[in-house]
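Below you'll find the structure, written out as structure tokens, and then a few comments.
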Amino acid sequence: MPLNVDRVSAGYGKVVVLHDISIVVGQGERVGLFGPNGHGKTTLLRAISGLIRPSSGSITFDGAPITTLSPREIVDRGLVQSPQGNTLFPRMTVLENLTLGAYAGHAWSQRRESLERVFALFPKLAQRQGQLARTLSGGERQMVSIGMALMGKPSLLMLDEPTLGLAPKIKDELAEAISAIAATGVTMLIVDQDIELLLGVCQRLYYIENGRVSLETREGERIDRQQILEMYFGTAPR
Amino acid sequence: MSVDTLVAILVSGFVAGSLYALMASGLSLVWGTLRMFNFAHGTLLMLGAYAAWYFSDSKGLDLGLSVGILVALILLALGGILLYALLVRPFIARPGADLVVIITTLAGASFLQNSAQEVFGPRYKQLDRVVKGQVEILNTAIGLQELLIIILTPIVLLLLALFLKRTKLGLAIRAVEQNHDSALLAGVNVGRIYPLIFAVSAMLAALAGIMLGGLFFITPVMGSDPLLRAFIVVVFGGLGSLPGTIVGAYVIGIIEAIAVFVVGLYWAPVVLFIVLILVMILRPTGLMGGKE
């Protein structure tokens with residue numbers, strides 16, 4: 001099992017956000033996380049990436065424990081995250097941002113090939129490579145963020161809300177790109193509010209509520225809109 | 001105002017501006033990446049001057065000026081790392097670390113100034129000039145040392161800019177400066193970047209000290225005035241903006257030189273602070289400071 005999060009609790013200071021949460025992501029699998037805002041999805045990804053340290057529980061990646069490793073060591077192992085929203089380097093160009101994505105370990109020597117792949121996936125970024133990141137539109141920033149993660153040569157790619165706050169047309173464009181990434185066979189863990197996107201890309205979903213997994217789907221099990229609405233609201237009109 | 005007065009004002013303005021630019025760019029690098037002010041930055045200038053003097057002067061180890069300068073720069077790079085390890089790193093994860101570090105670096109500055117007094121004695125020292133003699137420009141005699149400072153500083157600053165812009169390490173430094181968490185997620189080893197920044201910033205201060213030590217006397221408190229000016233410069237130029245800091249340094253240097261000529265040495269700082277207050281009112285982010 002590439003990624004195994006086992007009964008992890010974590011939070012910020014005295015505020016506990018994650019309560020004994022467990023999830024697994026299998027080799028080549030694409031797994032989605034969804035659920036209401038402020039219930040720990042981003043915190044879970046931050047804990048996996050080593051930005052915050054769990055107070056209990058363990059995280060293993062490719063069979064080795066990574067719970068106490070630094071973010072750099074985790075990226076070095078190929079576990080790369082594209083963080084949420086506006087998290088670029090604002091006063092650097094698109095090209096510099098993407099280049100930084102390849103900063104860690106072995107990815108650096110292959111940064112030119114990676115760059116070509118990212119530009120093939122997001123042709124818009126090729127046109128804007130000399131532009132400062134802070135002058136980009138929301139959709140373009142998201143593309144840079146995903147592109148940066150790809151530059152790190154991930155064996156497991158985590159995307160945190162890749163379509164947050166985007167117009168439908170740009171959302172579709174990104175969903176297409178994410179499907180294209182998925183088609184390359186990379187293992188993925190995706191957080192998003194857009195269920196259609198998750199259903200289109202992922203084989204399994206976790207519903208996260210109050211820092212716990214309150215529902216998960218099995219592989220091959222179809223989940224429909226109606227069930228999801230019921231999860232969110234407890235009940236939903238048919 | 002005659003031409004030679006004008007030339008004299010410009011030379012003294014550019015010499016001061018050069019020193020402030022070297023000091024302030026180091027201060028700005030530390031502020032940009034750690035969001036902390038290093039109040040011991042002035043003592044790094046002073047230590048650089050003393051180190052160069054000790055290794056080069058006939059009353060010290062007498063190894064010649066170039067050896068002295070080289071050794072001083074290397075020692076101060078190490079000193080910068082040591083200062084970070086002792087006065088900054090232990091407190092970095094604490095809440096309110098920026099305030100704690102003001103106190104720890106102030107304490108460090110006081111300790112180092114008094115140590116310098118203890119070790120080197122109260123007698124003023126002076127470094128040999130790198131170049132002796134004068135040239136005449138527009139009928140005004142200008143010291144070659146002053147001219148060297150004016151020419152050398154932009155070259156050093158250009159190298160610094162190239163380092164930040166063109167190298168992998170420079171890219172990482174700017175990344176930490178602009179977005180700490182994203183730098184971590186990109187795999188930048190932030191814990192290694194901080195001491196590096198202190199090393200670079202200490203070398204810049206040492207260089208300023210070596211330049212100053214050839215012009216005026218070396219004393220334990222020689223770094224205090226340049227540090228105060230450097231603070232004015234970083235706020236004036238825009239916190240965290242290196243181009244703003246460098247332009248700001250020269251502007252402040254020139255304004256100070258004019259003020260010294262017009263209102264005299266004692267009132268010049270007052271003029272500087274009036275300028276600073278005006279900038280703060282009219283453009284609170286400084287000359288080139290961004291929003292964010």
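The values are calculated or read from the model by the stated rules, or taken from the named source; none is laboratory data. Since we're looking at a predicted model, the values are computed, not measured. Glycine gets a Cβ as well: all are built from the backbone with ideal geometry, and neighbour counts include every protein chain shown. For accessibility, only protein heavy atoms count, side chains too; no ligands or nucleic acids. Shrake-Rupley method; radii C 1.70, N 1.55, O 1.52, S 1.80 Å.
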Legend entry - Residue that is most open to solvent (accessible area, probe 1.4 Å) [pool: residues in segment B:173-186 that are part of a helix (DSSP H, G or I) and farther than 21 Å from B:Asn38 by Cα]: B:Asp181
Legend entry - Test set (1) over 21 Å from the mean Cα position of the chain (by Cα); (2) outside any helix (DSSP H, G or I) - B:Met222 fails condition number: (1)
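Please find, among A:Val94, A:Val24, A:Val15, the residue that is in contact (Cβ under 8 Å) with a residue 40 or more places away in the chain, of a type in the set (A, V, I, L, M, F, W, C) and on the phi < 0 side of the Ramachandran plot.
On the way: A:Val24 fails: in contact (Cβ under 8 Å) with a residue 40 or more places away in the chain; A:Val15 fails: in contact (Cβ under 8 Å) with a residue 40 or more places away in the chain.
Unique residue meeting the criteria: A:Val94.
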Inset, instruction - Answer with yes or no whether A:Arg72 is at pLDDT 90 or above, open to solvent by 50 Å² or more (accessible area, probe 1.4 Å) and assigned to a helix (DSSP H, G or I). - result: yes
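Being closer than 23 Å to A:Val186 by Cα, touching a strand residue (DSSP E or B) at 6+ places or on another chain (Cβ under 7 Å), modelled with pLDDT under 95 and surrounded by 18 or more Cβ atoms within 10 Å (Cβ to Cβ) narrows it down to one of A:Gly40, A:Gly101, A:Gly32, so name that one.
Values: A:Gly40 fails: closer than 23 Å to A:Val186 by Cα; A:Gly101 fails: touching a strand residue (DSSP E or B) at 6+ places or on another chain (Cβ under 7 Å).
Criteria check complete, one pass: A:Gly32.
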Inset, instruction - Name the one entry in B:Val119, B:Val101, B:Val88 that is modelled with pLDDT under 95, over 19 Å from the mean Cα position of the chain (by Cα) and assigned to a helix (DSSP H, G or I). - result: B:Val119
Legend entry - Filtered residues of segment A:172-193 (kept if polar (S, T, N, Q) and surrounded by 15 or more Cβ atoms within 10 Å (Cβ to Cβ)): A:Thr187, A:Gln193
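For A:Leu125, state whether it is open to solvent by less than 40 Å² (accessible area, probe 1.4 Å) and either within 13 Å of the chain's Cα centre (by Cα) or more than 14 Å from every other protein chain (Cβ to nearest Cβ) (or both). If you could, list the steps in order and put the result at the bottom.
Details: open to solvent by less than 40 Å² (accessible area, probe 1.4 Å): yes; either within 13 Å of the chain's Cα centre (by Cα) or more than 14 Å from every other protein chain (Cβ to nearest Cβ) (or both): yes.
In short, yes.
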Inset, instruction - State all residues of segment B:187-210 that are open to solvent by less than 30 Å² (accessible area, probe 1.4 Å) and in contact with a Lys or Arg (Cβ under 9 Å, 6 or more places away or on another chain); if no residue qualifies, say none. - result: B:Gly187, B:Val188, B:Val190, B:Tyr194, B:Pro195
Legend entry - Selection count where residues are of a type in the set (Val, Ile, Thr) and either more than 22 Å from A:Val186 (Cα to Cα) or modelled with pLDDT of 95 or more (or both), scope segment A:119-159: 1
Inset, instruction - Check B:Leu75 against each of (1) of a type outside the set (Val, Ile, Thr); (2) touching a residue at least 12 places away in the same chain (Cβ under 8 Å); (3) out of contact with any helix residue (DSSP H, G or I) (no Cβ under 7 Å at 6 or more places or on another chain); (4) within 19 Å of B:Thr43 (Cβ to Cβ) and name the one condition it does not meet. - result: (3)
Inset, instruction - Please work out if A:Phe61 is under 18 Å from B:Leu185 (Cβ atoms) and under 19 Å from the mean Cα position of the chain (by Cα). - result: yes
Inset, instruction - Could you check, for segment A:50-67, whether at least one of its residues is among the charged types (D, E, K, R) and assigned to a loop (DSSP other than H, G, I, E, B)? - result: yes
Legend entry - Residues satisfying the stated conditions in segment B:148-172, i.e. over 17 Å from B:Leu242 (Cβ atoms), without any contact (Cβ under 8 Å) to a residue 24 or more places away in the chain and either within 12 Å of another protein chain (Cβ to nearest Cβ) or open to solvent by less than 50 Å² (accessible area, probe 1.4 Å) (or both): B:Lys168
Inset, instruction - Return the total of residues in segment A:128-165 being closer than 25 Å to A:Leu3 by Cβ and open to solvent by 50 Å² or more (accessible area, probe 1.4 Å). - result: 3
Inset, instruction - Sort out which residues of segment A:49-58 are within 15 Å of the chain's Cα centre (by Cα) and open to solvent by 10 Å² or more (accessible area, probe 1.4 Å), and write them in order of number. - result: A:Gly50, A:Leu51
Inset, instruction - Identify the residue in segment A:78-113 that is closer than 18 Å to B:Thr167 by Cβ and in a loop (DSSP other than H, G, I, E, B) and, among all such residues, is farthest from the other protein chains (Cβ to nearest Cβ). - result: A:Ala102
Legend entry - Single unsatisfied condition, A:Arg204 versus (1) of a type in the set (Lys, Arg); (2) modelled with pLDDT under 90; (3) within 30 Å of A:Trp108 (Cβ to Cβ): (3)
Legend entry - Residues (farther than 26 Å from B:Val176 by Cα, within 19 Å of the chain's Cα centre (by Cα) and open to solvent by 10 Å² or more (accessible area, probe 1.4 Å)) located in segment B:30-83: B:Leu47, B:Ala51, B:Trp53, B:Ile69, B:Leu70, B:Val71
Legend entry - Evaluation of A:Pro168 against (1) open to solvent by 20 Å² or more (accessible area, probe 1.4 Å); (2) under 21 Å from A:Val24 (Cβ atoms) (one fails), failing number: (2)
